[in-house]
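Have a look at the structure below, then the notes.
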Amino acid sequence: MRSHGALGVSRYFSASSGPRRCCPIPLRLNATRCASTSLRPLQPQQLSLDRRLQQRRGQAGAAAAVLGQAAEPENLAQETIIDNLAPQEAQRLSRVRNIGIAAHIDSGKTTVTERVLYYTGRIKSIHEVRGKDAVGAKMDSMDLEREKGITIQSAATYCDWIKNENGKDEKYHINLIDTPGHIDFTIEVERALRVLDGACMILCAVSGVQSQTITVDRQMKRYNVPRISFVNKMDRAGANPFKAVDQITHKLRLTAAAMQVPIGVEDEFKGVVDLVNMKAIYSEGLKGETVRVSDEIPSDVRQVADEKRRKLVETLADVDDEIAEIFLDERTPTVQQIKAAVRRATISLKFTPVFMGSALADKSVQPMLDGVCDYLPNPSEVENLALDRRRQEAPVKLVSYNSLPFIGLAFKLEESNFGQLTYIRVYQGSLKKGANIFNARTNKKVKVPRIVRMHSNEMEDTGEIGAGEICAVFGIDCASGDTFTDGTLGYSMTSMFVPEPVISLSIKPKDNKDLPNFSKAMARFQREDPTFRVHVDIESQETIISGMGELHLDIYVERMRREYKVACETGQPQVAWRETITEKVLFDHTLKKQTGGAGDYARVVGWIAPTRALEENQFENQVTGGAISEKFIFACDKGFQLSCQKGPLVGHKVLGAKMVINDGATHMTDSSEMAFKTATEQAFRTALSCGRSQVVEPLIKTTITAPNAFQGNIVGLLNKRNAMISDTEIGPEDFTLYADCSLNSMFGFSTQLRAATQGKGEFGMEFSHYNPAPMQLQKELVARHEKALAEKSKK
């Protein structure tokens, strides 16, 4: 029915003129009634009601028509979606901002968020990340976060900011997500940016663009997230905000210009000059809660302010046509023209406005909030696409109308005291408590029992969430990245990018009675964090956990101890060593065993030799004359394959061995398949111990990418690991190095690579081939295996 509705109102659209308003529907009167009664003029209330009904019909028709056009995203402009919004809905969405705070480690993200919550009235007092009161920041709700002074999990909240516009106070609703800065928790940034409409990138006024800033920039570009920038820590010694602006332009390759200049620097930082309005802004009061705006700009700052304003207009002229035309005509743009140009350029990803202040000193955070409202997009201005599975996954545009069918994306999962908490971004339609929704991945229908708005670890119940909002729901079994619909549309949204793990550890509980809780913890952590992987090694039977770094895995081990009371032992994963034979060995082995009844008899003759390469093991039958019957040959093959599962040197698999049987003997009553299998195993072990067997290790094909400045450091790291560098590709900024390294020497490499490249290096590994291990290492492995066997025999 919805598709028919879309076709029925398509007449309101013209190929040349785009969407048009609906014509008023003429009033039709009943003829019989007109004849029998005199016509009375309609009352004003009736006229008003009719007008509202016509308006609603027109809006519903326009919404259905826009949904019909959404099937061809290239033909549906975002402006058309905005123009056809119902007035009430347009007013609501224009005051909504979904933003994230992202930056390098220790740039002040959580401190900025704490001030935002305080100035918007969401919290009544300010607590520092490493404060003396031991309370900790509101958004750092985990005990581990408060102890270590870092953000581990992204935290969501919402607040209302009252902004004065043309002498009138306007309320903006801001959904805010505070993200971690450490690269080990990069998945938290990925999934936050996947669902946000804009971001605030924090930079340190002293350090400027740092390694994780580059990573965050790459993530923002991956999801086409517009951003404003905030240069924090202006009160620190050596603060230079204009260096940070230049680094954004050159290092991040993103056009940037300062929207403010500081009044004083370092210890004397007092406020900022707004370059758009050319007014001085001071933060006063005990916690900077009072903002004083002055028309008088300090004389020592005036020249810098005039120069930076000219620079701002010149930069905007490079990215905005309207300002370019004004600039070429040598006219001065108005305040409204500059604001409109900054907004257009920011939303189109061509420009980032740069604000400055000091969150810890409670200065100039409020102007940054005004910048969020002025320059970042509302949900209706952002293009979001889905895939229509009913049309071979053709792309479709999502329309942020409450009246359309519901589409939402589950982007984060958490375990709480009330069960699984699922964070959902609503892209289209509305989500109501008690509604039935469908999981697009599993096609299962689920009921929404409870909807909450999150304020860090606190929850506030709500009955309905509209398009463009972020909420959390209980009682839904799903995975991170699942799409939910109301069942009328076959849409599915793409999930977030999940990087591959770079480090692994073996793990086991110290006490076997903790195994049930250990399994529960592993299952929960995997469900919550896609970068945390768990598997059981087939050979060693060890449980291996993999993640993004040592800190990442340490946090989960500590959480297991605190939340599940499971103490664990961790260590390096066992390397998949192999054993092989190096020369041809003849064997003639006879098994004779006589018991009270039928005995065992089998004789096998042949040789064992190495294959040309360390490939799969081979068994060959060269018996002639029927010395060994066919059924016993199969038993010999089985005995050979079983023997290869555990070699005599270190107890690992044997690789690259070829066994040939060319003769043998049988007994009429004592020979059996079991006897020939056992005889083959004994012959294999004896021959291998005489054939100068050796241990071989896996070599890993390693690909390393890093800036050219760190090439020497990385080559030095690889030389220490006796790596064989096979190729190097040097680009204008980065280089890529290919090498074969021993897997045993690569443990801990990710941490050393980050240290050697300031966190800018990346590497990947895949298995290459097996190679003989160094002789000293072979001796150590054999001695360790013999010691383990001796201890086992004592028991």
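The values are calculated or read from the model by the stated rules, or taken from the named source; none is laboratory data. None of these values were measured; they are calculated from a predicted model. Cβ placement follows ideal geometry from the backbone for every residue including glycine, while neighbour counts extend to all protein chains displayed. For accessibility, only protein heavy atoms count, side chains too; no ligands or nucleic acids. Shrake-Rupley method; radii C 1.70, N 1.55, O 1.52, S 1.80 Å.
So which chymotrypsin sites (Phe, Trp or Tyr not before Pro) in the stretch 170-249 pass both tests, a DSSP loop state and at most 11 other Cβ atoms within 10 Å of the Cβ?
none
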* Asked: For the chain, treating each Cα as an identical point scatterer without solvent, what Debye log10 I(q)/I(0) comes out at q = 0.07 1/Å?
  -> -0.70
* Quote the relative contact order of the stretch 459-609 in percent (integer), defining contacts as alpha-carbon pairs under 8 Å separated by 6+ residues. => 20 percent
* Structure fact -> Relative to the chain, whose Cα atoms define the longest principal axis, helix 299-319 and its Cα axis are tilted in degrees, nearest 10, by 70 degrees
* **Accessible area expressed per residue, the stretch 596-676, with surrounding protein chains retained (probe 1.4 Å, Å²)** => 50 Å²
* Structure fact -> Over the stretch 300-456, with neighbouring protein chains present, the accessible area per residue in Å² at probe 1.4 Å is 43 Å²
* Asked: With every protein chain in place, what's the accessible area of Met201 (1.4 Å probe, Å², nearest 10)?
  -> 0 Å²
* Neighbour cut-off at most 16 other Cβ (10 Å), DSSP loop, chymotrypsin sites (Phe, Trp or Tyr not before Pro), the stretch 719-762 -> Phe747
* If you average 1/r over every pair of different alpha-carbon atoms in the stretch 356-483 and take one over that average, what Kirkwood value in Å do you get? -> 16.4 Å
* Which value, in Å² rounded to 10, gives the accessible area of Asp727 with a 1.4 Å probe and all protein chains present? -> 70 Å²
* To do: Beyond 29 Å between alpha-carbons counts as too far, so tell me which of Lys270/Lys311; Lys412/Lys520; Lys412/Lys444; Lys508/Lys760; Lys287/Lys433; Lys565/Lys720 fall in that bin.
  => Lys508/Lys760; Lys287/Lys433; Lys565/Lys720
* **Spherically averaged projected area of the stretch 629-688 from its Cα convex hull (nm²)** => 4.1 nm²
* If you rank Asp235, Asp477, Asp197 by how much accessible surface each has, with a 1.4 Å probe, what is the order from largest down? -> Asp477, Asp235, Asp197
* Structure fact -> Residues meeting the amide H criterion for Thr611 (H placed from the backbone, H to H distance under 5 Å, 5 or more places apart or on another chain) are Ala657, Lys658
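Ordering Trp607, Trp161 by accessible area with a probe of 1.4 Å, largest first, what comes out? All intermediate terms of the calculation are to be shown ahead of the outcome.
Working: Trp607 55, Trp161 30 Å².
Output order, biggest surface exposure first: Trp607, Trp161.
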* Sum of -39500 (n - 2.57) over DSSP H runs of 4+, divided by residues of the chain (222 nm, nearest 500) -> -10000 deg cm²/dmol
* To do: Would you mind classifying the stretch 472-524 by shape? Square roots of the alpha carbon gyration tensor eigenvalues, ordered a ≥ b ≥ c; an a/c under 1.5 is rounded, otherwise it is prolate if a/b is larger than b/c and oblate if not.
  => oblate
* Asked: If you take the C-alpha gyration tensor of the stretch 119-239, multiply each eigenvalue by 5 and take the square root, what semi-axes do you get, largest first, in whole Å?
  -> 23, 21, 17
* Take the solvent-accessible surface of the protein heavy atoms, probe 1.4 Å, and return the percent of it on the chain that carbon and sulfur atoms account for. => 49 percent
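Where both partners of a DSSP beta bridge lie in the chain, what percent of those bridges are antiparallel, to the nearest 5?
80 percent
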* How would Met459, Met560 line up by accessible area, probe 1.4 Å, largest first? -> Met459, Met560
* **Hull volume in cubic angstrom per residue (convex hull over the Cα atoms of the stretch 697-770)** => 72 Å³
* Structure fact -> Mean accessible area per residue over the stretch 79-178 (1.4 angstrom probe, all protein chains present, square angstrom) is 41 Å²
* Restricting to the stretch 694-741, what percent of DSSP beta bridges are antiparallel, rounded to 5? -> 100 percent
* Asked: For the stretch 329-407, which trypsin sites (Lys or Arg not before Pro) are in a loop by DSSP, counting at most 14 other Cβ atoms within 10 Å?
  -> Arg331
* Quarter of the Cα convex hull surface for the stretch 74-179, i.e. its orientation-mean projected area (nm²) -> 9.7 nm²
* Give me the accessible area of Ser672, 1.4 Å probe, in Å² rounded to the nearest 10. => 40 Å²
* Please list, or write none, the aspartates and glutamates whose alpha carbon is within less than 18 Å of the alpha carbon of Lys148, excluding same-chain residues fewer than 8 places away. => Asp106, Glu114, Glu128, Asp133, Asp140, Asp178, Asp184, Glu188, Glu550, Asp554, Glu558, Glu563
